[in-house]
Amino acid sequence: MRLRFCGAARTVTGSCHLVQTDGGLNLLLDCGLFQGRQAYIDDWNMRFAFVPKEIDAVILSHAHIDHAGRIPKLVKEGFRGPIYCTPATHALVAPLLLDCAHIQQKDSEYHNKHRKRQGLPPLDPLYTPNDVHRCLQMFQTVPYENWFSLNSKVRFQFRDAGHILGSATVSIETDGPHGLRLGFTGDVGRPDRPILRDPNPMLPCDILISESTYGDKLHPDRHREEAMLWEIVYDTCFQRLGKLLIPAFSLGRTQEILYLLNRLDQQKLLRHLPVFLDSPLSVDITAIYRKHLDCFDDEIRQLLLTDPNPFGFPQLTFITDVEQSKQLNDYPGPAIIISASGMAEAGRIVHHIKNNIEDERCTILFVGHCAEGTLGWRLRQGINPVRVLGQHKTVKARIAALDGFSAHADQLELMQFLKPLLTSGLKQLFLVHGTYESQIALQQLLQPVCGDIISIPDFGQEVVV
Ligand SMILES: [Zn+2]
């Protein structure tokens, strides 16, 4: 078997690994978009480190754009095989890829304006909604823990990764004289999180490709985060009578916040405080969550016995319409507004921030990582004043952050997830999907357990296993 690392190599985005079996099958594990600094990523996203039409099948670990976001481009460039994923991932990829296509189109319109001024020819977007519709026909679902045969000698299985709805680890088995089992973690979730089940242990394997996003970091305790969320709601909405703005990623983070607010409501703490979910994509994804109760953990299943809608409560309003969103500007009283994007670099949340940032009664609460240079990052850094939609704004609102909502295992959780695999015959471990520093830290931590079997492959590197 031959492996080629075609993305997420010494970096955290663009997950994509080529597996070539001895029988000549070319399998792609994920086909993700590179996300980060524009000039750098545009170049990476435009070309593949393989020939798309030579790929026989894609095995997709989960719906996050940095794992699935280049599938429409792969199809556009000639890939014609099946794309395997779990049923919940399949439900999520449609709205996420369409949203991504719209962003690609807007980005290319913006860049082409500049190119025109410089006398350069326009560039096509990476892909369009039509390309997305075309690739959506090629998906095929495989439930967790079912072996699926790709041919008489190669099969694979998904197991619950506990990272986001539908997320999976992958085990590929090959027969023959050099038969082996290859494991791919995708993104590993966390134990004891609300909503989703804990990560299911992977099957023992000979070769493992593992993520390492938080290979050098520990997350804060979950229960402290819940108490802090209530403290912020109480301070903002009941003491200062202001608005609480929560920039949140549409997938995962938004549903966790809704679920926690639902719990506060059940404890009669929210009273009649209005909550608005102002994002069409978040509304769509929350509806998909509600249809996949089979992916939930025992805690939420127990809740379902008394509360059929764990992501909703009487005073929650879903907003998809732009005009309704604009009307929130004039909403007088205290309220919670949850809106995308999580880093506040785009989307409706930026308008809400612009309208409320100079109001000292308000709070802007970040519940996820903000990449350097984004508005979220500038606010978290305490930069004041800031530019919001072209205007200088004095930051008078409270800026708060809760970092315990991560969907990724931290260093300790990753170590606990990997340990049984390291001690049951693993021969080679490749660390991907992490910064080089976090990979080195994880390598040093794991080496005493498994010895010298860990590599940190570079982009395009090929190995025979
Ligand atoms: Zn992910």
Here the residues within segment 194-250 that are small (G, A, S) and open to solvent by 10 Å² or more (accessible area, probe 1.4 Å) are A227, S250
Among the listed residues R4, R80, R10, identify the single one that is at pLDDT 95 or above and farther than 25 Å from I103 by Cα.
R4
Pairs, first in the same structural domain as A49 (by TED's automatic domain parsing) in segment 18-31, second of a type in the set (K, R) and open to solvent by less than 10 Å² (accessible area, probe 1.4 Å), C-beta under 6 Å, six or more apart:
C31/R70
Do you know which residues across segment 159-182 are buried (at least 23 other Cβ atoms within 10 Å of the Cβ) and within 20 Å of G425 (Cβ to Cβ)?
T169, V170, I172, L182
Identify the residue in segment 292-324 that is more than 20 Å from R193 (Cβ to Cβ) and in a helix (DSSP H, G or I) and, among all such residues, is most open to solvent (accessible area, probe 1.4 Å).
E323
Do we find that A88 is under 30 Å from T320 (Cα atoms) and either within 16 Å of the ligand (Cβ to nearest atom) or assigned to a loop (DSSP other than H, G, I, E, B) (or both) in this structure?
yes
Hits in segment 140-158 - residues which are crowded, with 20+ Cβ neighbours inside 10 Å and touching a Pro at 6+ places or on another chain (Cβ under 8 Å):
F158
Among the numbered criteria (1) of a type in the set (A, V, I, L, M, F, W, C); (2) assigned to a loop (DSSP other than H, G, I, E, B); (3) open to solvent by 70 Å² or more (accessible area, probe 1.4 Å), which one does L426 miss?
(3)
Residue hits (segment 368-401; open to solvent by 70 Å² or more (accessible area, probe 1.4 Å) and part of a strand (DSSP E or B)) are R387, Q391, H392, R398
Check on G189, in contact with a helix residue (DSSP H, G or I) (Cβ under 9 Å, 6 or more places away or on another chain) and outside any loop (DSSP other than H, G, I, E, B)
no
Consider S171 carefully, then state whether it is assigned by TED's automatic domain parsing to the domain that holds A9, more than 14 Å from the ligand (Cβ to nearest atom) and not in a loop (DSSP other than H, G, I, E, B).
yes
Matching residues in segment 440-465 (in a loop (DSSP other than H, G, I, E, B) and open to solvent by 50 Å² or more (accessible area, probe 1.4 Å)) number 4
So I353 ticks every box in (1) more than 30 Å from G162 (Cβ to Cβ); (2) loosely packed, with under 13 Cβ neighbours inside 10 Å; (3) aliphatic (A, V, I, L, M) but one. Which box is left unticked?
(2)
Examine segment 432-439 for a residue that is open to solvent by less than 10 Å² (accessible area, probe 1.4 Å), assigned to a helix (DSSP H, G or I) and within 27 Å of C6 (Cα to Cα), and state whether such a residue exists.
yes
The lone condition P204 fails out of (1) closer than 23 Å to S455 by Cα; (2) within 16 Å of the ligand (Cβ to nearest atom) is (2)
Kindly establish whether P201 is farther than 22 Å from I364 by Cβ and modelled with pLDDT under 95.
no
Near pairs, Cβ below 6 angstrom, 6+ apart or cross-chain, from segment 168-184 (closer than 11 Å to L203 by Cβ) to any residue that is open to solvent by 20 Å² or more (accessible area, probe 1.4 Å) and outside any strand (DSSP E or B):
S171/L203; R181/D206
Filter segment 178-195 for residues that are under 17 Å from Q20 (Cβ atoms) and within 16 Å of the ligand (Cβ to nearest atom) and give the result.
F184
Flagged pairs (Cβ under 7 angstrom, 6 or more apart or on separate chains; first in segment 385-407, more than 30 Å from R222 (Cα to Cα); second open to solvent by less than 70 Å² (accessible area, probe 1.4 Å) and within 16 Å of the ligand (Cβ to nearest atom)) are none
When only residues in segment 120-168 that are hydrophobic (A, V, I, L, M, F, W, C) and part of a strand (DSSP E or B) count, which is farthest from the ligand (Cβ to nearest atom)?
V154
Specify the residue that is least open to solvent (accessible area, probe 1.4 Å); the eligible residues are those in segment 58-83 that are among the charged types (D, E, K, R) and within 16 Å of the ligand (Cβ to nearest atom).
R70
Conditions: (1) surrounded by fewer than 19 Cβ atoms within 10 Å (Cβ to Cβ); (2) out of contact with any helix residue (DSSP H, G or I) (no Cβ under 7 Å at 6 or more places or on another chain). T128 meets all but one. Number of the miss?
(2)
Considering residues of segment 330-349 that are surrounded by 17 or more Cβ atoms within 10 Å (Cβ to Cβ) and more than 21 Å from the chain's Cα centre (by Cα) only, the residue nearest to S279 (Cα to Cα):
I337
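The values are calculated or read from the model by the stated rules, or taken from the named source; none is laboratory data. On a predicted model such as this, the values are computed, not experimentally measured, just so you know. Note that each Cβ is placed from the backbone with ideal geometry, even for glycine, and that neighbours are counted across all protein chains shown. Quick note on the areas: whole protein, heavy atoms, side chains included, nothing else; ligands and nucleic acids left out. Shrake-Rupley method; radii C 1.70, N 1.55, O 1.52, S 1.80 Å.
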